[in-house]
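Down below is the structure, laid out as structure tokens.
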Amino acid sequence: MTLFLDDPDEGLSPATSHPAFVSLAPEPFYDEGEDLAPFGNDAGHDALRDLEEWYAADGRDDALPAFVDGLLAAWDLGVPEDLWASGRQGAADRLRGGDVDEAALAAEARAQIAIVLGQLKIRGGLTPHARALGVAVLDVLAALNDHARVVSPGWRHADADAAATAAMAAVVRAAPDLP
């Protein structure tokens, strides 16, 4: 299995990314200082590095669900597991109801989308599980943006956040399939 892994001293680069990822990922995806980029925030960066280590240690595409579960269990952010299947409206309702911690949900969502896009970056495609996870997480990221617009109507990054989520959604939709 061919893996495309970043050089820890060089960081994110098209040169160390699968060509399929390079063809789909906009330039901001490589910006490690851009919080709205999939790998530029703390959770996304850490999740990508953990995913690279896991693949390098013989991680298999079909075992990605167990990797995600293990990583999130280790982080123990307290996000209810059933939230991910609730869709955009369900996540918005839970946020509005106050039964989920917004910061924890954002961190976990950023980690999960980094894992999904990380599989594309490292392996050149998405498994059916990764694609489904990406769609669910993108719904949650959109709900977080909707919620932020309500509770902080002057949030100056709302449009940039929505655009970043849309860019990630476009890449998830266009990514080739892995078996």
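The values are calculated or read from the model by the stated rules, or taken from the named source; none is laboratory data. Everything quoted here is computed from the prediction, not taken from an experiment. Only protein heavy atoms, including side chains, enter the accessible area calculation; ligands, DNA and RNA are left aside. Shrake-Rupley method; radii C 1.70, N 1.55, O 1.52, S 1.80 Å.
Which percent of the accessible area of the chain is formed by carbon and sulfur heavy atoms (probe 1.4 angstrom)? Mind showing how you got there, number by number?
Details: 4450 of 8410 Å².
Accessible surface attributable to carbon and sulfur in the chain totals 53 percent.
If you build the Cα gyration tensor of the chain and take the root of 5 times each eigenvalue, what three semi-axes come out, in whole angstrom, biggest first?
On the way: eigenvalues 134, 64, 41 Å².
Square roots of five times the eigenvalues give 26, 18, 14 Å.
Just subtract the alpha-carbon distance of A85 and V151 from 0.36 nm times their residue separation and send over the number in nm, one decimal.
Numbers: separation 66, 0.36 × 66 = 23.76 nm, distance 2.36 nm.
Residue separation times 0.36 nm, minus the Cα-Cα distance, leaves 21.4 nm.
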Given H placed on each backbone N at 1.01 Å, which residues far from L126 in sequence or on other chains put an amide H within less than 5 Å of it?
D177, L178
Nearest 10 degrees, 0 to 90: helix 102-123 Cα axis against the chain principal axis:
20 degrees
Could you grab the relative contact order for the chain? Cα pairs under 8 Å, six or more apart, rounded to a whole percent.
28 percent
With every protein chain present, what is the per residue accessible area of the chain (1.4 Å probe, Å²)?
47 Å²
